[in-house]
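The values are calculated or read from the model by the stated rules, or taken from the named source; none is laboratory data. Here the structure is a predicted model, which is why all the values come from computation and not from measurement. Glycine also receives a Cβ, built like all others from the backbone with ideal geometry; neighbour counts cover every protein chain displayed.
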Amino acid sequence: MSILSRPYFHDETAAFAFLESVIWPEGPVCVKCGSVQRITKVKANPEKRIRVGLHRCGACKAQFRVTVGTVFEHVRIPLNKCLQAAHLMCSSKKGISAHQISRILEVQYKTAWFLCHRIREAMRDGELPAMSGPDGVVEVDETYVGGKAKNRAYKEPNPKKEVFSLVERDVKLRSFHVANVTAKSVRPVIAANVDKATVIMTDESPIYTGTRKGFAGHHTVNHSANEYVRLGAYVHVNAAESFFSIVKRGITGTYHSVSEAHLHRYLAEFDFRYNNRSKLGCEDAERAERALRGIAGKRLTYGGTNEAHS
Ligand SMILES: [Zn+2]
């Protein structure tokens, strides 16, 4: 037996039962009227085109499945395969390519690509409270990610894209990509995510000039001098640096290159795994379950037909 022997990876009825236990821990909730009483299961019947996982609300008569209103709502492959993909993405530290998912799940590449983005959307945090607070420190650090020119013989190399992350006490982090990184573009992101009573710690890059304004303080660290800074109980140990090395190896090694339009979703994926890592007591199965909790209230639709598949 292994974790991959679990029935919800192989059987759609078991997959729905599992997802229902994650999304509806207290029992089914009507997606239309919110009722939690008099909800009955409708038996699946392929001949009558009654699908697996259907429920009926006695109050408003609505029929619905747990996937309604989630990123899995319009996925056309069996739910057990979606759960396999979520598990693979959550257990691969540097990510897993849509090509790999397509081969393992035996689905078309495009299907796998959309599915991976849906799962990334589930991993994305919604509105979050401000980081840190009085006596707190948030470290801000930046890096560049992007494909290498030697791998793109017939095309112009992808310009490297700047990513910056906010790290709270070496534990949790949030990453962002903004085009044209300047003090003007970075400051509002920091302001929107960090409590005003926090001390900000950055390197000496000019993009952080003026960061002090609006915060309890701003300290700078000289990376090249290998400087360690002690500030109260806080020790600067380059949490962002170790995170960036995972992101870089993931983006160049697994995804090869990532288009600017989708970079924020890949960052959400790396943030999610980092913030739910084994070191914090979160193992693969629990991590996948936490990702699945994030499917609700998010829908991902692709209006354009010219989406870059990377
Ligand atoms: Zn209802």
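Some points to look at:
- Out of Thr252, Thr301, one residue alone is polar (S, T, N, Q), buried (at least 16 other Cβ atoms within 10 Å of the Cβ) and at pLDDT below 90. It is Thr252.
- Contacts under 6 angstrom Cβ, first residue in the range 272-299 being closer than 21 Å to Ile246 by Cα, partner crowded, with 17+ Cβ neighbours inside 10 Å and among the aromatic types (Phe, Trp, Tyr), 6 or more apart: Tyr274/Phe243
- Number of the condition not met by Arg169 [criteria: (1) in contact with a Ser or Thr (Cβ under 8 Å, 6 or more places away or on another chain); (2) at pLDDT 85 or above]: (2)
- Candidate set from the range 184-202 (those that are in contact with a Phe, Trp or Tyr (Cβ under 7 Å, 6 or more places away or on another chain) and within 18 Å of Thr143 (Cβ to Cβ)); member that is surrounded by the fewest Cβ atoms within 10 Å (Cβ to Cβ): Val189
- Filtered residue count, the range 49-71, keeping only those that are on the phi < 0 side of the Ramachandran plot and within 16 Å of the ligand (Cβ to nearest atom): 13
Yes or no, residue by residue, for (1) of a type in the set (A, V, I, L, M, F, W, C); (2) more than 24 Å from the chain's Cα centre (by Cα):
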site	(1), (2)
Val42	yes, yes
Arg49	no, yes
Gly53	no, yes
Ala62	yes, yes
Val71	yes, no
His74	no, no
Ile104	yes, no
Arg120	no, no
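- Annotation note: Cβ proximity below 6 Å between a residue of the range 38-61 that is touching a residue at least 40 places away in the same chain (Cβ under 8 Å) and a residue that is assigned to a loop (DSSP other than H, G, I, E, B) and within 14 Å of the ligand (Cβ to nearest atom) (sequence gap 6+ or interchain) occurs for Gly53/Arg65.
- Within the range 37-46, not a single residue is more than 14 Å from the ligand (Cβ to nearest atom), among the hydroxyl-bearing types (Ser, Thr, Tyr) and either at pLDDT 95 or above or loosely packed, with under 15 Cβ neighbours inside 10 Å (or both).
Okay, residues lined up against (1) over 18 Å from the mean Cα position of the chain (by Cα); (2) modelled with pLDDT of 95 or more; (3) part of a helix (DSSP H, G or I):
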site: Gln84; (1), (2), (3): no, yes, yes
site: His87; (1), (2), (3): no, yes, yes
site: Ile96; (1), (2), (3): no, yes, no
site: Thr111; (1), (2), (3): yes, yes, yes
site: Gly126; (1), (2), (3): no, no, no
site: Pro129; (1), (2), (3): no, no, no
site: Asp135; (1), (2), (3): yes, no, no
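- Restricting the range 1-36 to residues that are part of a helix (DSSP H, G or I), of a type outside the set (A, V, I, L, M) and surrounded by fewer than 15 Cβ atoms within 10 Å (Cβ to Cβ), the residue that is farthest from the ligand (Cβ to nearest atom): Ser5
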